[in-house]
Amino acid sequence: MKNNEISTLNAAPTVRQETLEQQYIDLYKEQRESIKKHSSAVMNTSRDESFARFEALGFPTSALENYKYTDLRETLSVDYGLNINRISVPINPYEVFKCDVPGIHSYLYFVVNDAFYPVNDPVHNKLPEGVIIGSVKDVAASHPELLRDYFGKLSTAKNDGLVAFNGAFAQDGFFMYVPKNVVMDRPVQLVNIMRSDVDTMANSHNLIVIEEGSKAQLLVCDHTVDEVRFLSNRVTEVFVGENATYEHYKLENVHTKTTNLSTLLIDQRKSSNVLANVITLHNGITRNTIEIDLDGEGCDTLLCGMVIADKKQEVDNFTSIIHNKPNCNSRELFKYVLDDMSKGGFTGKLLVAKDAQKTAAFQTNRNILLSKTAKMRTKPQLEIWADDVKCSHGATIGSLDESAKFYMQSRGISEKEARLLLMFAFTNDVIENIRIPALQDRMKLLVEKRLRGELSKCEGCVICQ
Amino acid sequence: MLEIKNLHANINGKEILKGLDLVVRPGEIHAIMGPNGAGKSTLASVLTGNQAFEVTHGDITFYGKNLLELSPEDRSREGIFLSFQYPVEIPGVSMVNFLRAALNEHRKYKNLEPLSATDFLRVMREKKTLVEMDNKLANRAVNEGFSGGEKKRNEIFQMAMLEPRLAILDETDSGLDIDALRIVANGVNKLKSPDNASIVITHYQRLLDYIIPDFVHVLYDGRIVKSGGKELALELEERGYDWIKKEVEETV
């Protein structure tokens, strides 16, 4: 089945390829026309260019400064199948998926592996006037002008092997457009589901456009269904117009055989407000690249993240906030709780351009190691060219506060419960920065369950059980 | 209720308690006084099971149970309470969650059902008035940003919530102004009953004007070297500790 329906990478597995890249380079050259045929013109425009860049860059290795804390060698040596010919995956997510966050009343959409799943709930998903949500491929046919102005504008020029790879292989993705002065009445939810009988790779490229004066919230959930190995490499471009407000929540709850590579590129215009909150509850290997460019005065940015990891889980959050214009505020808050042999990485890159006077930028990364074998690496990286700014950064790595634990025990609270309360308290301020009440409540519960060791898969998802 | 026999305890290999004996019966208030470094706080730490201290000799029984075999949380559930000299700040843990967790663990230990949220809040309201505790404090994280006086008041509030059989007040008067001292002492006195007992560890006699002890013990160099009634405290206040030290040296 694998050979007939899904293009495999190693035609003859006994012959070792020279490099990890070579098999994908060969695949692209062989399948170039199929890839393009099953995609759209707008995505194909820069496809060859992206491929050339990938050929030159290869996959990132930990020798690169920006990938110091990510080691992809093992996971990239897996023989993943790519669904280049867009064979439909037998699953109806609307029937089988029960949301992690009941009560959120979202506009709900699915991407199964790398394909946007057709909306079959037109009543529930009756969007405010002018709002367009769908697949990049469909919108490329119905509203080509929307894509032309935005698609690839943040990603194509990136000097990043994973983004280039995505540009070469991604054939579709999620698209959301909120026109000028529209306030979305409910959050939009995008659930990425990985479903396959064989080891599978998914590349998708999402585009989100929030026009001037609009407000939108997007919750992206990552789930896996089958016990095979998955690798997803997703690029999301977000354009936030003047005075617009955009909230981006990412909730990762996937199994340990998953590699999740995600690049989130956000461009903020004058007086816009962005909150991004990236939470890894359960995973295998995760690399999040989050780059936010402040391209107008008076922007406000809050970038938060939380990682709870144990076993051999690995999470690397690489963040970059670039202040190009004056009078912008950015705050960054990342918290990690690492147990067993897990590994965490955090980079907080902050660039304040020469003209970006009156910048206020604050960065905090705090980490708790629960075992002697867990590892955390953290790196604040501030480059400040303006002279009238307020910037600070702080990174700490420690263990649970023993005196606080003893204090609780001396009041009758068991050691286990005391540890739990302390860990929960530690992550609490990230959860407090969720502005969707139903999601905030649910996260408290999920985090508590996770810290108690009761959460090994996505809660409430019937296909997982 | 409490019997301490020939207690020896070390911290980092250094012997602090060197053969301490003490018997406390229900209804009694014992004051333990002594110069700096005598081992007063060590005694409190050993009684509550602080792992930093190692007991090398001796026994402690509490209502016939070997206290040294119990975990800190079980000692608390058995009814031992320490009012900390330096209460710990726990950012992110609310007073409500902290106390509800504690109270329900105590109830579970006694095979009682957990308190409902409404019942719990009612109990909390009642006890708050006992120590004239500000509502705002109860809604904050445990001790976070509390002043010295507020922290001590919070200790007595927790004591009121947990209703211990034996309360150990470790330097509860230190850092308190007269008003706070009176409030704290009032709280302690209101909680007094024929069934419970207190050990009041203090440097100065001042607190004992408000909490009248039945017995006063002088702890010096890891042992109780002198015991008496409340008048002993006054004598110490007047004469200091040097005459005690001299007495001890002479007997040696």
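Each residue of region A:343-356 was assigned a 3J(HN,Hα) from its phi angle through the Karplus curve 6.51 cos²θ - 1.76 cosθ + 1.60 (θ = phi - 60°); the sequence is 10, x, x, 9, 10, x, 8, 9, 10, 10, 5, 4, 7, 7 Hz, with glycine and proline shown as x. Each residue of region B:191-206 is assigned a 3J(HN,Hα), and the resulting list reads 7, 5, 8, x, 9, 10, 9, 9, 10, 9, 9, 8, 8, 10, 6, 2 Hz, derived from the Karplus form 6.51 cos²θ - 1.76 cosθ + 1.60 (θ = phi - 60°), x at Gly and Pro. Going by Cα centres, region A:320-368 and region A:396-447 are how many Å apart? That distance is 23 Å.
Apply the Debye scattering formula to chain B, with a single equal point scatterer on each alpha-carbon and no solvent, then give log10 I(q)/I(0) at q = 0.10, 0.12, 0.17, 0.18 Å⁻¹. Each listed q maps to, in turn, -0.49, -0.71, -1.38, -1.52. Near the amide H of residue B:83, within less than 5 Å, lie the amide hydrogens of B:168, B:169, B:170, all on another chain or at least 5 residues away, with H placed in the peptide plane. With springs connecting C-alpha atoms under 10 Å apart, model chain B as a Gaussian network and identify which of B:28, B:235, B:155 has the largest mean-square fluctuation. Among B:28, B:235, B:155, the largest mean-square fluctuation in the Gaussian network model of chain B belongs to B:235. Only beta bridges with both residues in region B:13-170 are counted; by DSSP, about 50 percent of them are antiparallel.
For region B:1-117, what mean projected area does the convex hull of the alpha carbons give, in nm²?
9.0 nm²
In whole angstrom, note down how far apart the Cα centers of region B:84-130 and region A:190-246 are. Each part reduced to its Cα centre gives a spacing of 43 Å. Per-residue ellipticity at 222 nm computed for chain B from its helices equals -11500 deg cm²/dmol, with DSSP H segments shorter than 4 residues left out and the rest contributing -39,500 (n - 2.57). Taking amide H as placed 1.01 Å from N in the peptide plane, residue A:332 has its amide H under 5 Å from the amide H of A:303, A:362, A:363, A:364, each at least 5 places away in sequence or on another chain. Counting only DSSP beta bridges whose two residues both lie in chain A, roughly 5 percent are antiparallel.
What the phi angles of region A:256-272 give under the Karplus curve with 6.51, -1.76 and 1.60, with θ = phi - 60°, is a coupling list of 6, 8, 9, 10, 10, 10, 9, 10, 10, 10, 10, 10, 10, 9, 2, 6, 8 Hz, glycine and proline written as x. Against the criterion of solvent-accessible heavy-atom surface with a 1.4 angstrom probe, A:126, B:192, A:180, B:152 sort, most first, into A:126, A:180, B:192, B:152. Compactness check for chain A: Cα Rg over 2.2 N^0.38 Å is 0.95.
The dipole here belongs to region A:244-312: it is taken about the Cα centre, uses +1 on the Cβ of Lys and Arg and -1 on the Cβ of Asp and Glu, and is about 480 debye.
As an exercise, use a Förster radius of 51 Å and the Cβ-Cβ distance of residue A:384 and residue B:97 to find the FRET efficiency, rounded to the nearest 0.05.
Values: r = 40 Å, r/R0 = 0.79.
My answer for the efficiency is 0.80.
Annotation: amide H-H contacts under 5 Å for residue B:32 (H modelled 1.01 Å from N, sequence separation of 5 or more, or interchain): B:200, B:201, B:202, B:217. By the Cα gyration tensor, region A:16-64 has an equivalent ellipsoid whose semi-axes, rounded to whole angstrom, run 23, 14, 7 from largest to smallest.
Per-residue ellipticity at 222 nm from helix content only, as computed over chain A with -39500 (n - 2.57) for each DSSP H run of at least four residues, stands at -6500 deg cm²/dmol.
A P(r) calculated from all alpha carbon pairs of region A:106-215, with 10 Å bins opening at zero, reads 13, 42, 34, 10, 1 percent.
Express the carbon and sulfur contribution to the solvent-accessible surface of the protein assembly as shown as a percent, rounded to the nearest whole number, probe 1.4 angstrom. Don't jump to the answer; show the numbers that get you there.
Numbers: 14030 of 29420 Å².
Of the solvent-accessible surface of the protein assembly as shown, carbon and sulfur hold 48 percent.
Residue pairs exceeding 29 angstrom between C-alpha atoms, taken from B:14/B:65; A:250/A:343; B:5/B:192; A:358/B:136; A:158/A:372: A:358/B:136; A:158/A:372.
The values are calculated or read from the model by the stated rules, or taken from the named source; none is laboratory data. As the structure is a prediction and not an experimental result, all values here were calculated from the model. Positions of Cβ are generated from backbone atoms using ideal geometry, with glycine treated the same way; all protein chains shown enter the neighbour counts. Keep in mind that these areas ignore ligands, DNA and RNA; they rest on the heavy atoms of the full protein, side chains included. Shrake-Rupley method; radii C 1.70, N 1.55, O 1.52, S 1.80 Å.
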